[in-house]
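Novice: Have a look at the structure that comes next, please.
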Amino acid sequence: MPGKEPRWLMFTALFITDCSVDSALSLRNWLSAHSHHPLRLTVVHPYDIPAGESLHKSVCQPAKAAAIARLANWTDMLGRPEITHLTTETLFSNPEVALTIHLMIRNYDYLVIDNWSPVADTPLTELLEKTNTTIQPVGAAVASSLQLA
């Protein structure tokens, strides 16, 4: 994150997670490295139903409940990060759609990423530029591929 902004300025960031242990550890390390910046972080866990299943209440409710439980466990893996505000939510979608929706309806200063592939898509890159959202990689491999380190 840039260091020239006033200390009172709160940054907003979006992180899309698959609720893996690796993503929790990567984000926790990134948050520790940037703990001197006030941050309002939104973490979104997109989820889906098994292929071939119908969009029926008996299928969707357990999928949502499982996604909520995964996200709660994942959030516990973060420990107690030094951030000002953490919001978590689940969204019935794939990661690319979740990212697009959030960038279109909310303003974020940063998109914190653990995986470059959804962002490499040209429409998403254009959306990031239009919304003035800066990519902040959490891992060294992503940073080198983006040349942002």
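The values are calculated or read from the model by the stated rules, or taken from the named source; none is laboratory data. Predicted model only: the values in this text are computed from it and were never measured. Neighbour counts are summed over all protein chains in view; Cβ atoms, including those assigned to glycine, are modelled from backbone coordinates with ideal geometry. Accessible surface areas use protein heavy atoms only, side chains included; no ligands, DNA or RNA. Shrake-Rupley method; radii C 1.70, N 1.55, O 1.52, S 1.80 Å.
Novice: So, restricting to helices (runs of 4 or more DSSP H) that lie completely within the stretch 57-149, which ones have at least 2 residues that are within 16 Å of the chain's Cα centre (by Cα), at pLDDT 90 or above and within 19 Å of PRO46 (Cβ to Cβ)?
Specialist: Ranges flagged: 57-77, 95-105.
Novice: Another question, then. State yes or no: is ALA65 over 30 Å from PRO123 (Cα atoms) and open to solvent by less than 70 Å² (accessible area, probe 1.4 Å)?
Specialist: Yes, satisfied.
Novice: Test each condition in (1) at pLDDT below 85; (2) surrounded by fewer than 12 Cβ atoms within 10 Å (Cβ to Cβ); (3) more than 16 Å from THR134 (Cα to Cα) for GLY52 and report the one that comes out false.
Specialist: All conditions are met except number (1).
Novice: Do the conditions hold for VAL43, that is, is it open to solvent by 50 Å² or more (accessible area, probe 1.4 Å), outside any loop (DSSP other than H, G, I, E, B), within 16 Å of ILE113 (Cα to Cα) and out of contact with any helix residue (DSSP H, G or I) (no Cβ under 6 Å at 6 or more places or on another chain)?
Specialist: When the stated conditions are applied, VAL43 does not pass them.
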